[in-house]
Amino acid sequence: MRFSKQVFAALFVVLISTTVFCQTQDGPIPEELELRVVTRYYDDVSDRARWELKAEYPEVRLNGDIPAVKFNAMAKKIVMDGALDFKNRMSKMSEEERDRLPDGVNLYYETGFTIEYLSDNFVSVNFGNSEL
């Protein structure tokens with residue numbers, strides 16, 4: 001089979017351009033496009049008690065937009081239990097202890113998360129918090 005110079009040149013250009021465009025990162029797996037994580041927030045401030053609280057927790061949605069109900073309830077409970085513990089400890093502070101805080105400084109609690117792995121059957125979340 002013989003090719004003319006024009007056909008050979010056109011084929012060569014197609015092969016080169018295809019090779020260039022194929023050198024990108026792999027696209028997402030179609031199933032992963034159906035997995036979503038929505039960040040939920042809980043913020044609370046008490047100027048009188050001199051504390052601030054910022055919390056984030058994941059709400060996982062699978063197969064389009066179906067909530068992972070048990071996982072979501074557990075993730076929220078973990079974060080909110082930490083927030084409640086902080087509030088309880090702050091409520092036990094005396095006025096004298098609060099007055100010793102520098103002006104403009106409140107005690108602070110923050111918690112957040114990162115999703116380490118997510119599939120239809122498994123979720124790995126890393127929760128972290130900091131306190132001042």
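Run the 1.4 Å probe and let me know the accessible area of Asp43, rounded to the nearest 10 Å².
90
Rank Ile78, Ile115 by accessible area, highest first, at a 1.4 Å probe radius? Please report the intermediate quantities before stating the final value.
Working: Ile78 90, Ile115 60 Å².
Listed by decreasing accessible area, they come as Ile78, Ile115.
For Met74, what accessible surface area do you get with a 1.4 Å probe? Give it in Å², rounded to 10.
110
For Phe86, Phe127, Phe122, write out the residues from largest to smallest accessible area, computed with a 1.4 angstrom probe and no ligands counted.
I get Phe122, Phe127, Phe86, largest accessible area first.
Search the structure for amide H atoms under 5 Å from the amide H of Asn106, placed 1.01 Å from N in the peptide plane, and list their residues when 5 or more places away or on another chain.
Residues meeting the criterion, in which the H sits 1.01 Å from N, do not exist here.
What is the gain in length, in nm to one decimal, between Asp44 and Asn63 on full extension, counting 0.36 nm per residue of separation less the C-alpha to C-alpha distance? Intermediate results must be reported in sequence, preceding the final value.
On the way: separation 19, 0.36 × 19 = 6.84 nm, distance 3.29 nm.
Computed gain between Asp44 and Asn63 is 3.6 nm.
The values are calculated or read from the model by the stated rules, or taken from the named source; none is laboratory data. Since this is a predicted model, take the numbers as computed values, not measurements. Each accessible area value is taken on the protein alone, full model and side chains, heavy atoms only, with ligands, DNA and RNA left out. Shrake-Rupley method; radii C 1.70, N 1.55, O 1.52, S 1.80 Å.
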